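Asks: Here it is: the structure, laid out below.
The values are calculated or read from the model by the stated rules, or taken from the named source; none is laboratory data. Because the structure is a prediction, the values reported are computed rather than measured. Here the Cβ is made from the backbone with ideal geometry for all residues, glycine too, and neighbour counts use every protein chain on show.
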Amino acid sequence: MSISLSELLVLGQGSDLASERGVSCTGELPPASDPHLVERAISAKASLGDRALILGHHYQRDEVIQFADITGDSFKLAQAAAAQSSAEFIFFCGVHFMAESADILTSKDQKIILPDLAAGCSMADMATANQVNQCWQELEKLGVASRTIPVTYMNSSAAIKSFTGEHGGTICTSSNAQKTLEWAFAKGEKVLFLPDQHLGRNTAVLALGLTLEDCVLWNPWKPMGGLTESEIRGAKMILWRGHCSVHGRFTRESIEEVRTRMPGVKVIVHPECQHEVVLHADVVGSTEKIIQAVSSSPSGSKWAVGTELNLVSRLAASNPDKEIVFLDKTVCYCSTMNRIDLPHLVWAMESILAGHIVNEIKVDDRIAKYSKLALDQMLAL
């Protein structure tokens, strides 16, 4: 069966409610091939002046990063948005959950704009509010919920952060996961860790000294998470069945291959990677730690980096005196992050200049209240 070009959706134009191929945008996106696109971006940003703040996540593509006022990881950017209280419009070049966090932390006078609403996060989508509430009800039936502390990774929807705050838990980042889990175990007997199983498992086993047997995996698509009553009662860590589609692709074989190909190479990976990958890496750390470790290493160092490709490419370009490669031979961008491109950013800025507020991210007041409670608890640790 042949399909005409007119039947296909252009990213960011048109909508198909049965799929995620596109979302509706008011007006026309500038074509990606527009030779004047960079000039239009420069002009729009200059016209907005101090009214606008452009935030660029580390995994964002270079064509967008070049216009970012601040770059960093998700929570750092959300905090930066809150600190820039004079900025009326925050263009968050990241993914949906990051923009939600920025909306929670900023004032009512600030508007968070996500240039493409299709920029989501596969990991965050692996834990829905209904699924998590159902899990908690099962734990209540077994009588263990009162002794269980929910800990939610920053890479989660506002609804899941809100659940965590409402049930006495807290949020963590890849940098402070150990401290957060230590707090949780001082408060309760078990932890329900959402939504990234790998960060939870790696931190519990390698930093806290728990065993793999102390950790069970809750599958939200199976009755009682696919676990027995005795497995739940005996567990210390109840890990949600979620993962990062980028970091989850790295394997032990990737490490062995790069060591053979590049003698003397150091392997550095993000703690969202699978447990056996983390075990066989030389260095494990957050995005900021990866940047710091590679950038501060001696000239001539060799690094195989297990994290998103845009960041690895940028690290290699900014450290020409070192040999820096992507850990996996098959390249892998964060596909949802890369939905934010220069045409969408230009369209969003020009729409604001024309008086049209587009793609504003607004978190429900009640959800924002309990999400902030969980975030404040993290900051208090």
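Asks: Restricting attention to the stretch 252-275, report how many residues are within 17 Å of N202 (Cβ to Cβ), crowded, with 16+ Cβ neighbours inside 10 Å and free of Cβ contacts under 8 Å to residues at least 60 places away in the same chain.
Replies: 2
Asks: Do the conditions hold for S313, that is, is it at pLDDT 95 or above, of a type in the set (S, T, N, Q) and either crowded, with 17+ Cβ neighbours inside 10 Å or not in a helix (DSSP H, G or I) (or both)?
Replies: Values: at pLDDT 95 or above: no; of a type in the set (S, T, N, Q): yes; either crowded, with 17+ Cβ neighbours inside 10 Å or not in a helix (DSSP H, G or I) (or both): yes.
So S313 fails the test.
Asks: Inside the stretch 56-173, counting only strands (runs of 3 or more DSSP E) that do not spill past its ends, which hold 1 or more residues that are touching a Leu at 6+ places or on another chain (Cβ under 9 Å) and surrounded by fewer than 18 Cβ atoms within 10 Å (Cβ to Cβ)?
Replies: In the stretch 56-173, 70-72 are the strands (runs of 3 or more DSSP E) which contain 1 or more residues that are touching a Leu at 6+ places or on another chain (Cβ under 9 Å) and surrounded by fewer than 18 Cβ atoms within 10 Å (Cβ to Cβ).
Asks: Spot the failing condition for I352; the list is (1) under 30 Å from G169 (Cβ atoms); (2) part of a helix (DSSP H, G or I); (3) touching a Phe, Trp or Tyr at 6+ places or on another chain (Cβ under 8 Å), and only one is missed.
Replies: Among (1) under 30 Å from G169 (Cβ atoms); (2) part of a helix (DSSP H, G or I); (3) touching a Phe, Trp or Tyr at 6+ places or on another chain (Cβ under 8 Å), the lone unmet condition for I352 is (1).
Asks: Across the stretch 189-205, what is the total count of residues that are over 17 Å from the mean Cα position of the chain (by Cα) and either surrounded by fewer than 19 Cβ atoms within 10 Å (Cβ to Cβ) or more than 16 Å from Q377 (Cβ to Cβ) (or both)?
Replies: 7
Yes/no per residue for (1) touching an Asp or Glu at 6+ places or on another chain (Cβ under 9 Å); (2) modelled with pLDDT of 95 or more:
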position	(1), (2)
T211	no, yes
D214	no, yes
G225	yes, yes
H247	yes, no
V267	yes, yes
H270	yes, yes
Q274	no, yes
L279	no, yes
Q292	no, yes
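Asks: Right, here's the next one. Mind telling me which of the residues G209, G188, G242, G234 ends up being small (G, A, S) and within 23 Å of D73 (Cα to Cα)?
Replies: After ruling out the rest, the residue left standing is G242.
Asks: Separate question: Of the residues L217, L210, only one is out of contact with any Gly (no Cβ under 9 Å at 6 or more places or on another chain) and either at negative phi or surrounded by 19 or more Cβ atoms within 10 Å (Cβ to Cβ) (or both); which? I'd like the intermediate steps shown before the answer.
Replies: Numbers: L217 fails: out of contact with any Gly (no Cβ under 9 Å at 6 or more places or on another chain).
Unique residue meeting the criteria: L210.
Asks: Sticking with this one: Residue by residue through the stretch 316-340, note down the ones that are within 22 Å of P271 (Cα to Cα), part of a helix (DSSP H, G or I) and over 19 Å from the mean Cα position of the chain (by Cα).
Replies: Correct list: A316 only.
Asks: Here's a follow-up. Within the stretch 316-353, track down each residue that is farther than 16 Å from R40 by Cα, surrounded by 20 or more Cβ atoms within 10 Å (Cβ to Cβ) and modelled with pLDDT of 95 or more.
Replies: If the condition is that a residue be farther than 16 Å from R40 by Cα, surrounded by 20 or more Cβ atoms within 10 Å (Cβ to Cβ) and modelled with pLDDT of 95 or more, then I324 is the only one that fits.
Asks: Additional query: In the stretch 174-206, which residues are assigned to a helix (DSSP H, G or I) and of a type in the set (S, T, N, Q)?
Replies: Correct list: Q178, T180, Q197, N202, T203.
Asks: Using beta carbons and a limit of 9 Å, which pairs, at least six apart or on different chains, have the first residue in the stretch 294-312 and without any contact (Cβ under 8 Å) to a residue 12 or more places away in the chain and the second one of a type outside the set (A, V, I, L, M)?
Replies: Filtered contacts from the stretch 294-312: P298/D321; P298/K322.
Asks: Also: Which residue out of G143, G168 is small (G, A, S), farther than 29 Å from R61 by Cβ and touching a helix residue (DSSP H, G or I) at 6+ places or on another chain (Cβ under 8 Å)? Write out each step before concluding.
Replies: Values: G143 fails: touching a helix residue (DSSP H, G or I) at 6+ places or on another chain (Cβ under 8 Å).
Being small (G, A, S), farther than 29 Å from R61 by Cβ and touching a helix residue (DSSP H, G or I) at 6+ places or on another chain (Cβ under 8 Å) holds for just one of G143, G168, which is G168.
Asks: Does the stretch 336-346 contain any residue that is under 26 Å from V278 (Cβ atoms) and of a type outside the set (A, V, I, L, M)?
Replies: Kept after step one, since they are under 26 Å from V278 (Cβ atoms), are these residues of the stretch 336-346: 336-338.
Subset that is of a type outside the set (A, V, I, L, M): 336, 338.
Yes: one or more hits.
Asks: How many residues, within the stretch 276-290, are in a helix (DSSP H, G or I) and either surrounded by fewer than 21 Cβ atoms within 10 Å (Cβ to Cβ) or touching a Lys or Arg at 6+ places or on another chain (Cβ under 8 Å) (or both)? Break it down into steps so the answer makes sense when it comes.
Replies: Step one: of the stretch 276-290, the residues in a helix (DSSP H, G or I) are 276-280, 287-290.
Retained after the next criterion (residues that are either surrounded by fewer than 21 Cβ atoms within 10 Å (Cβ to Cβ) or touching a Lys or Arg at 6+ places or on another chain (Cβ under 8 Å) (or both)): 276-277, 279-280, 288-289.
Qualifying residue count, the stretch 276-290: 6.
Asks: Still on this structure: Only one of (1) in contact (Cβ under 8 Å) with a residue 40 or more places away in the chain; (2) among the charged types (D, E, K, R); (3) surrounded by fewer than 18 Cβ atoms within 10 Å (Cβ to Cβ) is not met by D376, so which one is it?
Replies: (1)
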